2 protein chains.
Amino acid sequence: MEEIHGDVSKEICMKSLDAVKDALYAVNGKWKLPIIIALSEGPRRFKELQRALDDITPKMLSKELKEMELNEFITRTVYDTTPVTVEYALTPYSGSLKEVILSLRDWGIEHKKHLQSKCRERKKPAHAQVAAKVEVA
Amino acid sequence: MEEIHGDVSKEICMKSLDAVKDALYAVNGKWKLPIIIALSEGPRRFKELQRALDDITPKMLSKELKEMELNEFITRTVYDTTPVTVEYALTPYSGSLKEVILSLRDWGIEHKKHLQSKCRERKKPAHAQVAAKVEVA
DNA sequence: GATACCGGTATCCTACGGGATACTGCTATC
DNA sequence: GATAGCAGTATCCCGTAGGATACCGGTATC
């Protein structure tokens, strides 16, 4: 155990815990990332989103969209057509998520590799090796 | 809507979604971060951890430690003393989390500031302004 | 001999995330 | 007049995360 990790959390520390939790909360839930991905190709209407998201129930979609609007990741625009048109779009501010999401993605990719290499070390096939929900297929 | 966010998720894309989810999973749950923080000051025994973590129930502690051991964030070492001593310690590999956690923390801090400035814009005191669980105190 | 500490496990229970289904008011089309 | 689309809301239901409590076998202490 070298000192590599010795201060991982001196820097994180209790005071930063809340900030990390806030960030995690903003991006978790089953649908927030998929919604961001869907909207990244341009504004979408409610039903369009619903169809794009493998038929998410309207309740969940509505709830997630409201939260994301509060967090200013998206805007909700009502056009006074008949029938009314409601369009959701990413805000410029949502771009601030890019860095942190890419960071998560990169770590996730490396982590999967890491677990796979550990699997190969033990020659045992060990039917369905899984480490804490990351499927090492 | 400038193009700032236009490709936020071209890069993330569906193929990366799983990696992001894996990363989120590895670090969420109520206790994983606190455990990492506690262990960052050095190896700890089971009961020491339990006391350090505001009396987390042994069931939860045991479960979280097992998951973290599978993910190779920590090691579990049994010393053959009487009574037996079990020591948990961070692995060097756990240091790989540092970058991603700091990224989350930084974004969380900026996000809180962002929401606070939005609160000030609208002069309304709006008793207990909260945006999607981030308390803007 | 009774109590306390250690490292957990087992059992029960609740709260919340999230899904299924049904329904609303309005309009346009057949 | 019936059906279908839009943008949701309301109600019920279930599975899991996580807490409370009790308990185990072992040793050391009073």
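Take the accessible area of chain A alone and of chain B alone, subtract that of the pair, and you get about 5900 Å² summed over both chains, using a 1.4 Å probe. Inter-label distance, B:Lys66 to A:Lys66: 3.8 nm, where each label sits 7 Å from its Cα along the C-beta direction.
Accessible area per residue for region B:9-122, computed on protein heavy atoms with a 1.4 Å probe, is 52 Å². Taking a ≥ b ≥ c as the square roots of the eigenvalues of the Cα gyration tensor, region A:9-122 is prolate, since a/c reaches 1.5 or more and a/b is larger than b/c. Of the GluC sites (Glu not before Pro) in region B:6-109, the ones in a loop by DSSP (not H, G, I, E or B) with at most 16 other beta carbons within 10 Å are B:Glu41. Computed over protein heavy atoms with a 1.4 angstrom probe, the accessible surface ordering of B:Tyr88, B:Tyr93, A:Tyr79, largest first, is A:Tyr79, B:Tyr93, B:Tyr88.
The values are calculated or read from the model by the stated rules, or taken from the named source; none is laboratory data. Quantities reported herein were computed from a predicted structural model and do not represent experimental measurements. For neighbour counting, all protein chains shown are included, and Cβ atoms are generated from backbone atoms with ideal geometry for every residue, glycine included. The protein model used for the area step is the full one, side chains on, heavy atoms only, and it has no ligands, DNA or RNA in it. Shrake-Rupley method; radii C 1.70, N 1.55, O 1.52, S 1.80 Å.
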